[in-house]
Amino acid sequence: MKKLMMIAAMMLMCVGASAQEKGMKCIGAGIAYGIKSHFNKFALDAKAQYNVTKYFRGEVDFKWYPKQDDVTVVNPNLNLQYLFPIGDSEKFFVYPTAGVGILICSYGISGVDNESMVCFQGGAGAEYHFNDKIKFFAEAGYQYGKKDHAKVNWPVLAIGAAYYF
């Protein structure tokens, strides 16, 4: 748990440091689904994004997969995205995304036994700006990580909404 809190604090400090520059900022939430042949899990997904330029942004993404078969998974990620506008209205965008994160699994009833590994992800997304403050997004990505004999390789789908401030 201490590792998780330290990771979350470091990620928030990174977002705060980059927020000094001019650019759009947003926070969002949604649901995600990790797909694997024997391990399918829904997750709650929270994000914070900062546009460094008009079309390039950084993102802090945090997924929490509730307990299933005595395993709880948390997955904080740092991603980079480049937006491609579709059409002239600049309401609809598609983007590739790439990043790195940590996958932390807590085992057992008490959740005391933890295992963590670095994972890499890549994928693509689309977003629609409903108005100046609200957008909706959908993403598909793939995560890969390996540590000793443990291995993560699964597609992850996510949908949600975000608020610009």
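Descriptive notes on the structure:
- You will find that of I86, I102, I31, I27, the residue that is open to solvent by 40 Å² or more (accessible area, probe 1.4 Å) and more than 25 Å from Y164 (Cα to Cα) is I102 and no other.
- Per the listing Y144, Y128, the residue uniquely at pLDDT below 95 and either open to solvent by 30 Å² or more (accessible area, probe 1.4 Å) or more than 23 Å from A29 (Cα to Cα) (or both) is Y144.
The values are calculated or read from the model by the stated rules, or taken from the named source; none is laboratory data. On a predicted model such as this, the values are computed, not experimentally measured, just so you know. When the accessible area is computed, the model is the full protein with side chains, heavy atoms only, and any ligands, DNA or RNA have been set aside. Shrake-Rupley method; radii C 1.70, N 1.55, O 1.52, S 1.80 Å.
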